[in-house]
Amino acid sequence: MSEAGITLQEVKIAIDTLWVLLATFLVFFMNLGFAMVESGLCRSKNTVNILTKNFIVFAIATISFWVIGFGLMFSDGNSFTGLSGLLFASGMDNSPATGDAYTGVYSSLGWAGVPFWAKFIFQLVFCGTCATIVSGAVAERIKFHSFLIFSFIICAFIYPLIGHWIWGGGWLMELGMFDFSGSTVIHSAGGWAALAGILMLGPRIGKYKMDGSTKPIYGHNMTSATIGALILWFGWFGFNPGSTLSANPEALAHIAMTTCIAAAMAILSSTVTSWITQKKPDLSMIINGCLAGLVAITAPCAFVSMTSAAVIGAIAGTLVVFSVFFWDKLRIDDPVGALSVHLVNGVFGSLAVGLFAEQSIGAELGTGALVSNGLFIDGSVSQLLAQGAGVLAVALFVFSVSMVVWAILKKTLGLRVTKEEELAGLDIGEHGMEAYSGFQIFNNL
Amino acid sequence: MSEAGITLQEVKIAIDTLWVLLATFLVFFMNLGFAMVESGLCRSKNTVNILTKNFIVFAIATISFWVIGFGLMFSDGNSFTGLSGLLFASGMDNSPATGDAYTGVYSSLGWAGVPFWAKFIFQLVFCGTCATIVSGAVAERIKFHSFLIFSFIICAFIYPLIGHWIWGGGWLMELGMFDFSGSTVIHSAGGWAALAGILMLGPRIGKYKMDGSTKPIYGHNMTSATIGALILWFGWFGFNPGSTLSANPEALAHIAMTTCIAAAMAILSSTVTSWITQKKPDLSMIINGCLAGLVAITAPCAFVSMTSAAVIGAIAGTLVVFSVFFWDKLRIDDPVGALSVHLVNGVFGSLAVGLFAEQSIGAELGTGALVSNGLFIDGSVSQLLAQGAGVLAVALFVFSVSMVVWAILKKTLGLRVTKEEELAGLDIGEHGMEAYSGFQIFNNL
Amino acid sequence: MSEAGITLQEVKIAIDTLWVLLATFLVFFMNLGFAMVESGLCRSKNTVNILTKNFIVFAIATISFWVIGFGLMFSDGNSFTGLSGLLFASGMDNSPATGDAYTGVYSSLGWAGVPFWAKFIFQLVFCGTCATIVSGAVAERIKFHSFLIFSFIICAFIYPLIGHWIWGGGWLMELGMFDFSGSTVIHSAGGWAALAGILMLGPRIGKYKMDGSTKPIYGHNMTSATIGALILWFGWFGFNPGSTLSANPEALAHIAMTTCIAAAMAILSSTVTSWITQKKPDLSMIINGCLAGLVAITAPCAFVSMTSAAVIGAIAGTLVVFSVFFWDKLRIDDPVGALSVHLVNGVFGSLAVGLFAEQSIGAELGTGALVSNGLFIDGSVSQLLAQGAGVLAVALFVFSVSMVVWAILKKTLGLRVTKEEELAGLDIGEHGMEAYSGFQIFNNL
């Protein structure tokens, strides 16, 4: 204890906490990003509904993750689930003590030297992100109350369980899977739940015509969509470097840069791909390209070089454009491209760890000394296999459980609004109000 | 002094300053949040006017708080006002020295170990918030220049004086009132000034019909309103934990979480209340519900448990919906619900300290060892009485002074635009421009 | 090494890195601010094009600054350009070592004790800002691909070279020019490139009539413009204090306040000037007034008193209004006022260092002990002459090189869209989509 009335250890805890909270606030702000991208890319008649869904889903995440999710995800238990201090995150915990000094039931987070509620709130904003991914995919036709119930279930049970496997000391962590900030845990998981929802809901009226052609349904507000995309990128500077849970200077700077380069390359590659395939560079494709690059670098950001990050981003930006065409060919109607961004690139990003990871980078940055070199680094496949196992396990679990949950909701409360309500718009049908009162709007059917 | 060329004490000052400035920037950003919520919930024909008011009000706050307000609020003086170093915040001050080492005229902030201008700018953004609350309540009918003059007076005199009583070492602080981040100092104070303005202005043309019924006047842009609400929530993560004025890890994490839980519960309870009373969940009610939860937790955030925060939020979200109906029944026309959010829930939040505060939490977090247990914690009423006294004193002072100021403005410059201007919209009348040039808009009278 | 497993020096690096990254994220977010101000002040038919340009320009900045720009700007070389470790920022560097301990090829940044990639990403977001300034000035008529190519050239070559002269150890730095956060390096440089672009493009169709009068072309969305302005101000709290590259408490707090006061005074003075000259306070003038104040304080923010900052802001806010009239009189068509904000006030702000700088402030804050007192402080002109030399040198170089680049683009790919496309809007012509699908919009020719 110096004359400053503070020890070096206390200062370290303070600076780590400051960083974790800053990252938390940035990730929280992504709620606005998702709300804007999703509502902007849909029609004006469904705007209030989409905004309300995105607004309320974080409230549901907060309560359900507090009541049950956090305990399932991070508490001591077995390889499949946490079993201690389940309700209200109320188990024993002496954070910010770390390592051997840590005594508590959330030992999978015992390495992080920040107060308990700092750990909790950071994990909470991640959980919220997972749930919002579903929102865009099922937009413009889902019943409001059924969506709310599904959101509760994914935040309270589905996300925490697969999170436990990978981040909570579970079997995929033991297997050696690495997913630094959640290409799998957050993005592909959210994507599989979204795919299940789309399959149970069916496409929007008029999207796929009898003659086999597809009717483009344009977003009503590209200003909104751009606001959303740049807020998401801004938030991702909390999302990716934040998973250090400590103000580790080399790691923070490296991860911020891999994140930035991947997004930049993805913007450029999606622009070129869109320009070639669609004749003109389509802003919604470029926006989704940017997000695809961010999703893809989320797992490998802490283990790859700048050059690898650039390559990962370039692939992601191309992948997302072809993926949008692919889902339309299958007549799987995803209004905002959530599957192409989060599912396809969540899977790609998770596998990219097995392709591009460098053990020396993980060791030097202190972000994962145990990660193995990827296939393109030294030809070994062990990391790629672990990543593949994780991707597959999460796919099977999340998709099948989600199908069951959506099916039960369909049988009981119903999933889809009436045809009349869908044509008139969910804003009037579900909320009794319009988004742009006073503006003259075509009824965009 | 180590080989790093820096002492532990200097590091502590640096990290505290970093936190105070981060919190400042977040609270500053709330200016955009207010501008968006208020303009979004009003009609398109008054959008430029509302945006301009919100934009310029922070400029006025900056200059008036610098010229006079800060000195009145925080300088040494008597129980009712500061009296030293009044003009241009130019009194003696040796910040970041603290405690006994502090020598200067702003001793009510002498406990905070950050540079003088860090203290100043943090307090400035709070002052700006108080003035913007008025803006929404008087929207769509007030003369631009009269609003600007009132804003100067509230920032230079009204807010600093009551701020002195509670945060500047004045009589309410001596009485034992606790208002951690300003449910009373900022929110109910702004609310009383707003109520006075509404009473002097009268309702908008057409709002209350002869037959006793109320005509709903819809907001023109729910996208704006949602942007605003999420920016405000984001900013509140600076507003509430920022009042620590030091990077105290346990306090920061705890307060961020009580803030988050209260907002989440308020969203859910306002959704349910709106669903029941209005048949469908109204997004503007949910937005105001969220803000109500944030306002209500502002005073008690540093003294209550997570469970209490959840209860406070749940009450706030219900309260705000009934409050909106209540003011309309009284024919008090508040276009954006500012009274229901800031006045009603500012009062409730201030009283909530007296109901839910736990002395052990204030002591453990270092946020207020002298706070007494609330009524619901151990049955004692002493804290509740102190809170009630503060609420009442601020109500009487701010409301009556505001009435006088508004009345003088009415007699001299005039408060309300002409009927023709109100019908045509203040954008053309006051600014000679439209917000959405080129868009076809119904004349929403 | 204490029991905390960390040294005081490591803590210092961590806190400095945290600050540099926070500032980086804030400046990054300014991309959204520029996108909103520019698109909001133009017509709806060109919105997608402007948003796309602003979105993609940061991607181009990222890649070009990484591939070549950073090396040219900061690596060891001669007085005119960096010459070491040019490609992919891959030169030797042992950051965060500082001073004598630093060994590497980027010695102009050797004083900053943060990891290499933290230095890089902070400089990158500055580079991105410079390129976006051009975007608004050439809006509503430039070919998309020609703009992209110019953006690459300014980020890879033009900006890095003049940056080397002033910040990279070049001849203007040796001459004693001070430009703390880039009134010249970023803003007037971007402004000169924009002026060259405007001259090569010519005015928009219909802007200047045969009879000598000017047709006002209104922005389509003042909500967007206000969002943009407040995001830019928010980002400027990273832009100006961030150039410390260390969490120096006194400097951070002082600079945040000079920045805030200048913006506030500029808002007030532009409001008054607009009110007097245009009869009514025009929101777009007030927005540009705010930005003008921020640009003008960017160079002197770390060397001037609060009172000087207020004077600088007041002048900037008046200057910008008359400047808008001035360019229109010259029939130089700048749709968003970029020349008035960035060029005119970038020049003014750079000269303001020579007028208002106080050596004692630079020394006390540690932001520039070698700056000389300005003309208005002690009557000496040496600093003003150095500033004038810098302003002139950058003007000549950037303007003439930009003219050549724009001319080559005009001869080869073409600069301007066809008359038909300009009338119909670039959204359809360049991107095949509309910004506000479903909304009824007048064809604002």
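Which of A:Phe376, A:Val57, A:Leu83 sits farthest toward the positive end of the charge dipole of chain A, with +1 on the Cβ of Lys and Arg and -1 on the Cβ of Asp and Glu? Of the options given, the answer is A:Val57. How tilted is helix A:283-298 with respect to the longest principal axis of chain A? Cα atoms for both, answer in degrees (0 to 90, nearest 10). So the inclination is approximately 20 degrees. Ranking B:Tyr436, B:Ala266, B:Gly110 by how far each Cα lies toward the positive end of the dipole of chain B (charges on Cβ) leaves B:Tyr436 at the top.
Relative protection proxy for C:187-200, B:388-401, from highest mean packing down: C:187-200, B:388-401 (other beta-carbon atoms within 10 angstrom). Residues of region B:403-445 that bury at least 40 Å² of accessible area when the other protein chains are present, relative to the chain alone (probe 1.4 Å, heavy atoms, ligands and nucleic acids excluded): B:His431, B:Met433, B:Tyr436, B:Ser437, B:Gly438, B:Phe439, B:Gln440, B:Phe442. On the beta carbon distance between B:Lys215 and A:Thr418, with R0 = 30 Å, the FRET formula returns roughly 0.55. Using only Cα atoms, find the angle between the long axis of helix B:189-201 and the longest principal axis of chain B, and express it within 0 to 90 degrees, rounded to the nearest 10. Compared with the principal axis, the helix lies near 20 degrees. In this view, the solvent-accessible surface of A:Thr81, computed with a 1.4 Å probe and all protein chains in place, comes to about 30 Å².
Heavy-atom accessible area, probed at 1.4 angstrom with all protein chains present, ranks C:Ile68, A:Ile312, A:Ile428 as A:Ile428, C:Ile68, A:Ile312, highest first.
Taking each DSSP H run with n ≥ 4 as -39500 (n - 2.57) and averaging over every residue of the protein assembly as shown yields -20000 deg cm²/dmol at 222 nm. Hydrodynamic radius of the protein assembly as shown by the Kirkwood approach over all distinct alpha-carbon pairs: 30.7 Å.
The overall shape of region C:166-306 is oblate: from the C-alpha gyration tensor, with semi-axes ordered a ≥ b ≥ c, the ratio a/c is 1.5 or greater and a/b is no larger than b/c. Placing A:Arg416, C:Arg141 in order of accessible area, with the largest value first and a 1.4 Å probe, yields A:Arg416, C:Arg141.
Between the Cα long axis of helix B:382-412 and the first principal axis of chain B there is an angle of about 50°, rounded to the nearest 10.
The accessible area of C:Tyr102, taken with all protein chains in place and a 1.4 Å probe, comes to roughly 20 Å². For the residue pairs A:Lys215/C:Lys53; B:Lys53/B:Lys119; B:Lys143/B:Lys411; C:Lys53/C:Lys215; B:Lys53/C:Lys280; A:Lys207/C:Lys53, the alpha carbons lie more than 19 Å apart in A:Lys215/C:Lys53; B:Lys53/B:Lys119; C:Lys53/C:Lys215; A:Lys207/C:Lys53. Between copies, the label points of A:Ile408, set 7 Å from Cα on the Cα→Cβ line, lie 6.6, 6.6 nm apart, reported in increasing order to one decimal in nanometres. Positive-end ranking of A:Ile227, A:Thr277, A:Ser350 along the dipole of region A:8-431, with charges on Cβ about the Cα centre, is headed by A:Thr277.
The residues B:Leu148, C:Leu109, sorted by heavy-atom accessible surface at 1.4 Å with ligands and nucleic acids left out, run B:Leu148, C:Leu109 from largest to smallest. What whole number of Å gives the distance from the Cα centroid of region B:249-287 to the Cα centroid of region B:418-442? Spelled out, the Cα-based centre of one part sits 34 Å from the other. Remark: mean inter-chain Cβ contacts per residue of A:91-99 equal 1, using a 10 Å Cβ-Cβ cutoff to other protein chain atoms.
C:Asp328 contributes an accessible area of around 40 Å² to the protein surface, as traced by a 1.4 Å probe with all chains present. The magnitude of the dipole of the protein assembly as shown, with charges of +1 and -1 set on the Cβ of Lys/Arg and Asp/Glu and taken from the Cα centre, is near 4440 debye. Here the 3J(HN,Hα) profile of region C:229-235, calculated from phi with Karplus coefficients 6.51, -1.76 and 1.60 at θ = phi - 60°, is 5, 6, 5, 4, 4, 3, x Hz, Gly and Pro shown as x.
When a/c is below 1.5 the answer is rounded, else prolate if a/b is larger than b/c, else oblate, so apply that to region A:1-80 with a ≥ b ≥ c taken from the square roots of the Cα gyration tensor eigenvalues. Taking the square roots of the gyration eigenvalues as a ≥ b ≥ c, region A:1-80 is oblate.
Loop-located GluC sites (Glu not before Pro) across region A:1-104 with a Cβ neighbour count of 14 or fewer within 10 Å are A:Glu3, with loop assigned by DSSP. Taking Cβ atoms as reference points and 15 Å as the exclusive limit, the residues near A:Pro115 contribute a net charge of -3, counting Lys and Arg as +1 and Asp and Glu as -1. Given +1 at the Cβ of Lys and Arg, -1 at the Cβ of Asp and Glu and no other charges, the dipole of region C:8-431 around its Cα centre is 1420 debye to the nearest 20.
The values are calculated or read from the model by the stated rules, or taken from the named source; none is laboratory data. None of these values were measured; they are calculated from a predicted model. No Cβ is skipped: glycine too gets one built from the backbone with ideal geometry, and neighbour counts run over all protein chains shown. Calculation scope for accessible area: heavy atoms of the full protein, side chains included, ligands and nucleic acids excluded. Shrake-Rupley method; radii C 1.70, N 1.55, O 1.52, S 1.80 Å.
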